[in-house]
Amino acid sequence: MSDGLFGIHGAALQIRAQRMGVLGSNIANAATPGYKARDIDFAAALEARMGGGDELGSIQSATRYRVPVMPSLDGNTVEMATEQTAFAENAVAYTATLGFLRGRIETLTRAIKGE
Amino acid sequence: MPGQMTMFELGQRAMSAQLVRMNAAASNLANAGSVAASEDQAYRPLRPVFAEHLDAANGISTVRVQGVQRADVAPVRRHEPGHPLADENGDVWVSPVDENAEMVEMLEASRQYQNMIEAMSTAKHLMLETMRMK
């Protein structure tokens, strides 16, 4: 029911929220030796989700390790500039998706009220 | 779901880890230049060791402080016969703290702490927006 109600935006919001967690993990592990930064390929995850995959599976299949611009000596591949940019971009996209959802709900509410 | 790691728990653990790092650097700075009567008694710098802590249920990972270790650096021997702690040769052992390295360590820890707060407040803001949606 909710899939039909929110369409692609419901799935997009779930992936955006999960990506926020993954990017947050990268920022948290900026000083952990040997930590490999990860990111979710949003387009691939959404495609898998819309193709009928479950939430966790499609996100896991679209999670990739980041290729560092300049690897550090302790094996850590977190680059603060990259992570912060990705985090900001993801936050903006999350807000945009929220806006789409809000519009959808507003449309439905109006239809129900008969305004 | 109980036990699943949230963005807040992630941030909280990462911030405590950075705090441990900052405390270690502060201890090292406080003991810079302190002297001891023998090589064994001399202060050696503290170093926290971080490790990744993965929550396999949702693919989020945070930081764990694996332990705080003593750096393996030899204390500096200084000839100071008038010192009350001097041994029979007239030597004292000075702690091998590199003040510049500790200051850099402290700066980096505080920057990463700030970063985590920034990320957490953005996440909180987005969560509240989602909650208020109607």
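Lys and Arg at +1, Asp and Glu at -1: add these up for the other residues within a Cβ distance under 15 Å of B:Pro84 and post the number. Present the calculation step by step, with values, prior to reporting the outcome.
On the way: positive: B:Arg78; negative: B:Glu80, B:Asp87, B:Glu88, B:Asp91.
Summing Lys/Arg as +1 and Asp/Glu as -1 gives -3.
Mind telling me which of B:Gly33, B:Gly82, B:Gly90 comes out most flexible in a GNM of chain B, alpha-carbon contacts under 10 Å?
B:Gly82
Gaussian network model of chain A, Cα springs within a sub-10 Å range: biggest mean-square fluctuation belongs to which of A:Ser72, A:Ser25, A:Ser58?
Ranking A:Ser72, A:Ser25, A:Ser58 by mean-square fluctuation puts A:Ser72 first.
Averaging sequence separations of C-alpha pairs under 8 Å and six or more residues apart, then dividing by the length of the stretch B:4-101, give the relative contact order as a whole percent.
Reported relative contact order: 33 percent.
If you take every residue apart from B:Gly33 with its C-beta less than 15 Å away from the C-beta of B:Gly33, what net charge results, scoring Lys and Arg +1 and Asp and Glu -1?
On the way: positive: B:Arg44, B:Arg77, B:Arg78; negative: B:Glu80, B:Asp98, B:Glu99, B:Glu102.
Net charge in that neighbourhood comes out at -1.
Given contacts defined as C-alpha pairs under 8 Å and at least six residues apart, what's the relative contact order of chain A, whole-number percent? It would help to have the intermediate numbers written out before the result.
On the way: 113 pairs, mean separation 39.5, N = 115.
This gives 34 percent for chain A.
Just rank B:Phe8, A:Phe87, fewest to most, by other beta-carbon atoms within 10 angstrom. Don't skip to the answer; put the middle values down first.
On the way: B:Phe8 13, A:Phe87 22.
Ranking B:Phe8, A:Phe87 by Cβ neighbours within 10 Å, fewest first, gives B:Phe8, A:Phe87.
May I ask for the distance between the Cα centers of the stretch A:46-64 and the stretch B:1-77, given as a whole number of Å?
37
Could you let me know the centre-to-centre spacing of the stretch B:92-134 and the stretch A:73-115, using Cα atoms, in angstrom?
Here the two parts' Cα centres lie 24 Å apart.
Where does chain B land at 222 nm, in deg cm²/dmol rounded to the nearest 500, when only DSSP H runs of n ≥ 4 count, each adding -39500 (n - 2.57), divided by all residues?
Details: 2 runs with 57 residues, N = 134.
Calculated at 222 nm, the ellipticity per residue is -15500 deg cm²/dmol.
Could you tally the net charge around B:Arg70, taking each other residue with its Cβ under 13 Å from the Cβ of B:Arg70, Lys/Arg +1 and Asp/Glu -1? Intermediate values should be presented prior to the final figure.
Numbers: positive: B:Arg44, B:Arg47; negative: B:Asp40, B:Asp72.
Once positives and negatives cancel, what remains is 0.
Exposure proxy check: A:Thr63, A:Thr109 ranked by fewest other beta carbons within 10 Å?
Final ranking by Cβ density, sparse to dense: A:Thr109, A:Thr63.
Compute the FRET efficiency between A:Phe100 and A:Arg66 as 1/(1 + (r/R0)^6), taking r as their Cβ-Cβ distance and R0 = 30 Å, and round to the nearest 0.05. It would help to have the intermediate numbers written out before the result.
Numbers: r = 28 Å, r/R0 = 0.93.
So the FRET efficiency works out to roughly 0.60.
Bear in mind these aren't lab numbers, they're just calculated from the coordinates by the rules spelled out. Since the model is a prediction, treat every value here as computed from it, not as a measurement. Here the Cβ is made from the backbone with ideal geometry for all residues, glycine too, and neighbour counts use every protein chain on show.
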